[in-house]
Amino acid sequence: MSSQVITDSSYHQILGVQFFTGNARDAVAIGMRGGLVVVPSAPVLLAMAEDPYTCEALLNSDFAITDSGLMVLLWRLMKHVRLQRVSGLEYLKLLLEQPALREPGSTFWVMPSIATMEKTLQWLKQQGYPTTQDDCYIAPHYGSGRVTDPDLLKIVNERKPAHIIMAIGGGVQEKLAYAIKMGACYRPALHCTGAAIGFLSGDQVHIPDWADRFYLGWLFRCFHAPERFIPRYWKARMLVPLLLKYRERAPLPE
């Protein structure tokens, strides 16, 4: 854990969310302490203006990371402030290096499918983690609006894992994690890293470190699955007028 003192100057408010602007290792050190950690992409930030429950989850998070390269670049152009970007992939890699996550029962994974779970478990086993199928939960399709899952909350409260890694889609995982935070009988660390584990396990296209560092992960995903990701990232251009309009203020849905 870093010995650096984290001050208020290590945070910057964008769209009402207090983003951490320090380095990745310090981000992980803070995330390990517990609470709701969000890693919002540009599409999730856009959803704040359309979905009150996404907005609620992000505004009530305990810790937010500057994963969106587009947001970081736009803020530099608009405000002449150079923010340090910490990607969800980089955060997850460093998180998984922490010895505490190798302790049996310490970590619980929320997965989008059985196939993703199987690939993740295989990769974790190869890396020496004691994770089993009992440490995973396959999330159902929640639909739009508020997201709750009494079955998952019951498991969490019974097992009390120190760390819950949300590996489901952005925009849903934040709302589900917020519901767990509000309903849990203790304070787990909820890491909303989405598809990041898939980049390591092979469930998603491999993104080299240099591509992640230069904000090009989106391009690799578009080449790998254009029909899925090109529309998603094309819509992300609407983050430009959203930031121009709201800047530091939260884009509260009407």
Practice task
Name every residue in the range 149-172 that is of a type outside the set (A, V, I, L, M), buried (at least 17 other Cβ atoms within 10 Å of the Cβ) and modelled with pLDDT of 95 or more, in order of residue number.
Solution key: ASP149, PRO161, HIS163
Problem - The lone exception for SER61 - which of (1) buried (at least 19 other Cβ atoms within 10 Å of the Cβ); (2) over 21 Å from ARG249 (Cα atoms); (3) among the small types (Gly, Ala, Ser) it fails - result: (2)
Completion exercise
Flagged pairs (Cβ under 8 angstrom, 6 or more apart or on separate chains; first in the range 228-254, part of a helix (DSSP H, G or I); second modelled with pLDDT of 75 or more and loosely packed, with under 14 Cβ neighbours inside 10 Å) are LEU243/MET78; LEU244/MET78
Exercise for the section: Sort out which residues of the range 174-227 are of a type in the set (D, E, K, R), part of a helix (DSSP H, G or I) and at pLDDT below 80, and write them in order of number. Expected result: ASP209, ASP212, ARG213, ARG221, GLU227
Exercise for the section: Answer with yes or no whether LEU152 is hydrophobic (A, V, I, L, M, F, W, C), within 18 Å of the chain's Cα centre (by Cα) and at negative phi. Expected result: no
Completion exercise
Being part of a loop (DSSP other than H, G, I, E, B), at negative phi and at pLDDT below 90 narrows SER2, SER61 down to just SER2
Handout entry: Check on GLY88, among the small types (Gly, Ala, Ser), farther than 29 Å from PRO52 by Cβ, in contact (Cβ under 8 Å) with a residue 24 or more places away in the chain and surrounded by 13 or more Cβ atoms within 10 Å (Cβ to Cβ)
Key = no
Handout entry: Restricting the range 107-125 to residues that are polar (S, T, N, Q) and surrounded by fewer than 19 Cβ atoms within 10 Å (Cβ to Cβ), the residue that is farthest from ILE138 (Cα to Cα)
Key = GLN122
Fill in the blank from the handout: If you go through VAL86, VAL37, the only one that is among the β-branched types (Val, Ile, Thr), closer than 23 Å to ARG187 by Cβ and assigned to a strand (DSSP E or B) is VAL37
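The values are calculated or read from the model by the stated rules, or taken from the named source; none is laboratory data. Remember, it's a predicted structure, so these values are computed and weren't measured experimentally. Here the Cβ is made from the backbone with ideal geometry for all residues, glycine too, and neighbour counts use every protein chain on show.
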